[in-house]
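Some notes on the structure that comes next.
The values are calculated or read from the model by the stated rules, or taken from the named source; none is laboratory data. Remember, predicted model here, so these are calculated numbers, not experimental data. FYI the Cβ positions are ideal-geometry reconstructions off the backbone, even for glycines, and counts take in every protein chain you see.
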Amino acid sequence: MEWAIFSLEHVNTLLDEPDPADSVILLHLIVKINMADQTLRLILGDQLNLQHSWFENTDKTVTYLMAESRSETDYVRHHIQKVVGFFLSMRAFAQKIEEKGHQVIYLELNDHENQSSIIDNVKHQLTKGDFEKFEYLLPDEYRLDQALEELKGNLSIPVESYDTEHFLSKRETVAELFEGKKQWLMETFYRQMRKDYDIMMEEDGKTPITGQWNYDEDNRKKLPKEVDIPSPLSFQRDVQEIVDLLESEGVKTIGQLDAAHFDWPLTREENLELLDHFLQHQFINFGRYQDAMTDRGYLLFHSKLSFGMNTKQISPSEVVEAALQYWKDHQDDIDIAQVEGFVRQIIGWREFMRGIYWAKMPEFAEMNFFGHDCALPSWFWTGETKMKCLSHAIGQSLDKAYAHHIQRLMVTGNFALLLGVHPDELDEWYLGIYMDAIQWVEITNTRGMSQFADGGIVGTKPYVSSANYINKMGDYCKNCQYAKSKKTGENACPFNSLYWDFYDRHRDKLADNHRVAMMFRVWDRMGEDKQADILEQAAFYKENIEEL
Ligand SMILES: Cc1cc2nc3c(=O)[nH]c(=O)nc-3n(C[C@H](O)[C@H](O)[C@H](O)COP(=O)(O)OP(=O)(O)OC[C@H]3O[C@@H](n4cnc5c(N)ncnc54)[C@H](O)[C@@H]3O)c2cc1C
Ligand code: SF4
């Protein structure tokens, strides 16, 4: 067709009083307007960033696609609260952007058009909708990143990917910082982040305020009886409808849920409310009792913001900014150790783990430094064990889809490492059970920090302990059938013999690690008879692991 420039007036005249001579032009014009660069944009369940530049202006040539996909509910068995939380957050997000005037195709789980996977849904919509372009936000999971890359190679239309505008650092920042370096230390990365983003720095941009970078030493207090634990904020939503849907669609899940009182935040507003609640009630003691364990409550002084942040409903920079502002306004109440401890988790550990993930995947998912191959005890799925620390941490995880960091690291992770559980089994458990579990942050914490299966990329030594640490940091041992101080004999705490068994069997792998050299000296000083008794006790517990 020949191109002509029409004035708006001319177009209107054509539309109002069509002249047969102009009909071909008119037809072409209408088709062209309808087709004008129609773009399909994909939004994944963990990309619910309302602040993203995509949503600044509405654009009638853009359609957003969101889908509740079976590929996502089924790649691992998830906690019921996690599936409900993701789907309801996605629905609320879709509704929000629709209200703002964006065009959305939202496929609920039982929608007849819904294909079984995210990729098939994209293909289906592209074929059906005559789109001329496909765009997506870069996924945080390697699996989806690869799948979308592959799709890109197979499509005949232009495909573009965009940053999620969520993290402070880039995927490659950690790899670039440590290029050519033998050791990748979180602390080095964290200090660089503080400097790069001018967080808690003196005016020179090089010195931390107060001259001290890290208050980790002040963050290791046991929780005294007289300290009250604030009530967690609960959103009390009735979610029965979606629970019924999951059931009728045959989605297999783990864990429990109170369908009449679902308590996770599912919108940006609710996440901001949760942040505010944390700052007002928990921040004051966050760092101080960050490592404490008790059965007096499940959240203690933690924020519970990981789900909201990992789904990108709330951003790490706004969380850190709000914390710094709150501190500024309440300098007399909140001391620097609480603030620094919180900031370090978010701009330090969280961003560091993401950088490690992108630097080391896919090999990371195969690492098994110790060659561990034991099965996960079946009571990890029920919490039914006589060991109080484990029954509480696992029971709470099944009830709440939440455990705080030290429960994950020094109770469940510690026990699994001492026992020698295959990291694949453990990854499956951690990836399924926690509300905030997405592979980039789950696997780096589990396989890396907790299991040392990466041989020391994330951490410099294995996080293992006997009952000594668990007793020092919590009140579990007081109410346990096992005796915390006994290594052998009746009712000896299993952590104690398994702890020495771990060091003994991995001496060849750990002997050169100066951070654990002292443990081998202590072990050697015990003498052969005592060592034999301890190893025998450990062997007995391993053989009878299901009865513990
Ligand atoms: C074995 C194991 C598995 C883990 N799996 C996950 C996971 O799947 N998803 C996840 O988000 N975190 C994971 N973590 C890290 C940490 O336990 C959780 O981020 C934290 O418990 C979430 O609760 P919260 O929001 O109350 O955190 P808070 O204690 O309030 O901390 C504030 C924030 O700091 C960040 N943070 C703290 N520690 C870490 C860390 N080690 N890595 C990354 N971010 C951190 C989180 O975003 C968290 O919301 C895991 C830790 C271990 C030891
Ligand atoms: S005694 Fe051992 S098993 Fe019992 S709570 Fe303490 S560490 Fe856990």
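Cβ separations smaller than 6 Å between residues 6+ apart or across chains give the following pairs from segment 474-502 residues that are under 26 Å from TYR298 (Cβ atoms) to residues that are away from ligand 1 (no atom under 16 Å from the Cβ) and of a type in the set (Ser, Thr, Tyr): CYS493/TYR482; PRO494/TYR541; PHE495/SER466. Quick check: is even one residue across segment 496-517 modelled with pLDDT of 95 or more and closer than 30 Å to VAL227 by Cα? Yes; the residues of segment 496-517 include at least one that is modelled with pLDDT of 95 or more and closer than 30 Å to VAL227 by Cα.
Among the residues of segment 200-210, the ones that are assigned to a loop (DSSP other than H, G, I, E, B) and at positive phi come to 2 in all. With the requirement that a residue be more than 10 Å from ligand 1 (Cβ to nearest atom), modelled with pLDDT of 95 or more, crowded, with 18+ Cβ neighbours inside 10 Å and closer than 19 Å to ASN219 by Cα, what does segment 272-288 give you? Within segment 272-288, LEU279 is the sole residue that qualifies.
Evaluate the following for PHE452: is it hydrophobic (A, V, I, L, M, F, W, C), in contact (Cβ under 8 Å) with a residue 24 or more places away in the chain, within 16 Å of ligand 2 (Cβ to nearest atom) and out of contact with any Asp or Glu (no Cβ under 9 Å at 6 or more places or on another chain)? It would help to see each step written out before you state the result.
Values: hydrophobic (A, V, I, L, M, F, W, C): yes; in contact (Cβ under 8 Å) with a residue 24 or more places away in the chain: yes; within 16 Å of ligand 2 (Cβ to nearest atom): no; out of contact with any Asp or Glu (no Cβ under 9 Å at 6 or more places or on another chain): yes.
Taking the combined requirement at face value, the residue does not satisfy it.
Scanning segment 378-397 for residues that are more than 17 Å from the chain's Cα centre (by Cα) and within 16 Å of ligand 1 (Cβ to nearest atom) gives PHE380, CYS389, LEU390, HIS392, ALA393, ILE394, GLN396.
Looking across segment 327-339, just one residue is crowded, with 20+ Cβ neighbours inside 10 Å and at pLDDT 95 or above, and that is TRP327.
Remark: pairs (first residue in segment 321-334, without any contact (Cβ under 8 Å) to a residue 60 or more places away in the chain; second residue assigned to a loop (DSSP other than H, G, I, E, B) and of a type outside the set (Asp, Glu); Cβ separation under 6 Å; 6+ apart in sequence or on different chains) = TRP327/ILE334.
Taking the criterion of being free of Cβ contacts under 8 Å to residues at least 40 places away in the same chain and either more than 20 Å from THR61 (Cα to Cα) or touching a His at 6+ places or on another chain (Cβ under 7 Å) (or both), the only residue of segment 84-103 that qualifies is ARG91. Selection over segment 364-418 of residues that are within 16 Å of ligand 2 (Cβ to nearest atom) and either surrounded by 17 or more Cβ atoms within 10 Å (Cβ to Cβ) or of a type in the set (Phe, Trp, Tyr) (or both) gives a count of 29.
Among the residues of segment 297-312, those that are under 13 Å from the mean Cα position of the chain (by Cα) and more than 7 Å from ligand 1 (Cβ to nearest atom) comprise PHE307, GLY308, THR311, LYS312. Residues in segment 435-467 that are near ligand 1 (Cβ under 9 Å from one of its atoms) and of a type in the set (Asp, Glu) were compared, and the one that is farthest from the chain's Cα centre (by Cα) is GLU442.
Does GLN338 fit the bill of being in a helix (DSSP H, G or I), under 30 Å from TYR503 (Cβ atoms) and either more than 16 Å from ligand 2 (Cβ to nearest atom) or touching a residue at least 24 places away in the same chain (Cβ under 8 Å) (or both)? When the stated conditions are applied, GLN338 does not pass them. For segment 455-469, filtering for residues that are within 16 Å of ILE406 (Cα to Cα), touching a residue at least 40 places away in the same chain (Cβ under 8 Å) and of a type in the set (Gly, Ala, Ser) leaves 1. Within segment 467-490, restricting attention to residues that are part of a loop (DSSP other than H, G, I, E, B) and more than 8 Å from ligand 2 (Cβ to nearest atom), the residue that is surrounded by the fewest Cβ atoms within 10 Å (Cβ to Cβ) is GLU490.
Just to be sure, is LYS328 away from ligand 2 (no atom under 16 Å from the Cβ), of a type in the set (D, E, K, R) and within 21 Å of GLY255 (Cβ to Cβ)?
On the way: away from ligand 2 (no atom under 16 Å from the Cβ): yes; of a type in the set (D, E, K, R): yes; within 21 Å of GLY255 (Cβ to Cβ): no.
For LYS328, the condition - away from ligand 2 (no atom under 16 Å from the Cβ), of a type in the set (D, E, K, R) and within 21 Å of GLY255 (Cβ to Cβ) - is not met.
Let's see how each residue does on (1) more than 23 Å from THR444 (Cβ to Cβ); (2) part of a helix (DSSP H, G or I); (3) of a type outside the set (Val, Ile, Thr); (4) at pLDDT below 95:
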residue: PHE380; (1), (2), (3), (4): no, yes, yes, no
residue: GLU384; (1), (2), (3), (4): yes, no, yes, no
residue: HIS392; (1), (2), (3), (4): yes, yes, yes, no
residue: ILE406; (1), (2), (3), (4): no, yes, no, no
residue: LEU418; (1), (2), (3), (4): no, yes, yes, no
residue: ASP424; (1), (2), (3), (4): no, yes, yes, no
residue: ASP427; (1), (2), (3), (4): no, yes, yes, no
residue: GLY432; (1), (2), (3), (4): no, yes, yes, no
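Matching residues to (1) among the hydroxyl-bearing types (Ser, Thr, Tyr); (2) more than 23 Å from the chain's Cα centre (by Cα); (3) part of a loop (DSSP other than H, G, I, E, B):
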{"residue": "PHE134", "(1), (2), (3)": "no, yes, no"}
{"residue": "LEU151", "(1), (2), (3)": "no, yes, no"}
{"residue": "SER161", "(1), (2), (3)": "yes, no, no"}
{"residue": "SER169", "(1), (2), (3)": "yes, no, yes"}
{"residue": "ALA175", "(1), (2), (3)": "no, no, no"}
{"residue": "PHE189", "(1), (2), (3)": "no, no, no"}
{"residue": "ARG194", "(1), (2), (3)": "no, no, no"}
{"residue": "ASP198", "(1), (2), (3)": "no, yes, yes"}
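Kindly provide the set of residues from segment 470-514 that are more than 16 Å from ligand 1 (Cβ to nearest atom) and touching an Asp or Glu at 6+ places or on another chain (Cβ under 9 Å), ordered by number. Within segment 470-514, ASP475, TYR476, ASN479, ALA483, LYS487, THR488, GLY489, SER497 qualify. The residue that is surrounded by the fewest Cβ atoms within 10 Å (Cβ to Cβ), counting only those in segment 491-548 that are in a loop (DSSP other than H, G, I, E, B) and of a type in the set (Gly, Ala, Ser), is GLY527.
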